[in-house]
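S.K.: Right, I'll just put the structure down here and ask away after.
The values are calculated or read from the model by the stated rules, or taken from the named source; none is laboratory data. Since we're looking at a predicted model, the values are computed, not measured. Glycine also receives a Cβ, built like all others from the backbone with ideal geometry; neighbour counts cover every protein chain displayed. Please note that ligands, DNA and RNA were not included when accessible areas were found on the heavy atoms of the full protein model with its side chains. Shrake-Rupley method; radii C 1.70, N 1.55, O 1.52, S 1.80 Å.
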Amino acid sequence: MPFHTRSPQWKTKEGDTLIFPFGPPIFATDISDEFKNELLEEGNKLTIKDDFNWRLAGNLKYGRSYHYDENYVRSVEPKLKVYVEKMFNGLIDMYGKDYDMVWKNCRVQTGELAQADRKFRDGDVKLDSLWINYGKKHDFNPPHTHHGILSFVIFLQVPQKIFDVQADCNTQRAGFITFQHGNHTKWNGTDYPVRPADNMMLMFPADLPHYVSPYWIDETRISMSGNFVVL
């Protein structure tokens, strides 16, 4: 190969290289059982006075969303910032010493992630909102984006039985979260579906479109989400 890159790549059987330098990053990790149980415990304290359905795109007809108490948001913020730091450290590892120049020139989505990285190092990134979702049978979340610079979802309770019953169609994605980016062509798709599981955390640019498909059995799936803003 005539040049070196740390961008995602795939070596072909013939020794050539397919490079995937574009597109917004999605950071994936697992949280501890201890942290998951803490988030669940706090979420289970919330009542209809903490209702958040009216602020969200989610069509939770049978379930409900609630926003966490502001005092808890501030107390849990340092724990969640740890994952923001891990995400940016991973980007630095991937792009190496040319990291700042890559972000300046390529501009992932809004072009603000580099600014967020610098602000984060200075302590100027804030957890702006935090809410928990109790999803039920037939509930879904249509394609939407978030406000702020970075968003995340943590799956706290995912009954695996929700994936056993699928609609009679060619996209077997009941209960999946799907990210969308770019223009569909014969050479690439625009969907990136993910099957959720307990403790899974996904962090992504806030303006990256995504949606959650409904499922068809009487089970409760619990997730929580939040947004970071740059001060």
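S.K.: Please find, in a Gaussian network model of the chain (springs between Cα atoms separated by less than 10 Å), the residue of T171, T47, T220 whose mean-square fluctuation is greatest.
M.R.: In this elastic network of the chain, the residue with the biggest mean-square fluctuation among T171, T47, T220 is T171.
S.K.: Let me ask you something else. Have a look at S32, M224, G15 and report the one farthest towards the positive end of the charge dipole of the chain, computed about the Cα centre with Cβ charges (Lys/Arg +1, Asp/Glu -1).
M.R.: G15
S.K.: Given a 1.4 Å probe and the protein chains all in place, what does the accessible area of E34 round to, in Å² to the nearest 10?
M.R.: 150
S.K.: State the Kirkwood hydrodynamic radius of the chain in Å, one decimal place, computed from all pairs of distinct Cα atoms.
M.R.: For the chain, inverting the mean 1/r across all distinct Cα pairs yields 19.1 Å.
S.K.: From Cα pairs below 8 angstrom and at least 6 apart in sequence, can you work out the relative contact order of the chain, rounded to a whole percent?
M.R.: In percent, rounded to a whole number, it is 28.
S.K.: Something else: Report, in deg cm²/dmol and to the nearest 500, the calculated mean residue ellipticity at 222 nm for the chain, where each DSSP H run with n ≥ 4 adds -39500 (n - 2.57) and the sum is divided by the residue count.
M.R.: Here the helix-only value at 222 nm equals -7500 deg cm²/dmol.
S.K.: Moving on. Can you give me the % of accessible surface on the chain that is carbon or sulfur? Probe 1.4 Å, all protein chains present, nothing else counted.
M.R.: 51
S.K.: So, one more: Considering only N59, N141, N188, give the residue with the highest GNM mean-square fluctuation for the chain, with springs between Cα atoms whenever their separation is below 10 Å.
M.R.: N188
S.K.: With springs only between Cα atoms under 10 Å, which of S151, S65, S75 fluctuates most in a Gaussian network model of the chain?
M.R.: S75
S.K.: Among the aspartates and glutamates, which have Cα under 12 Å from the Cα of K49 when same-chain residues fewer than 8 positions away are ignored?
M.R.: Straight-line reach from K49, under 12 Å: D69.
S.K.: Mind ranking 78-85, 128-135, 13-20, 162-169 by how tightly packed they are, going by the mean number of other C-beta atoms within 10 angstrom, highest first?
M.R.: 128-135, 78-85, 162-169, 13-20
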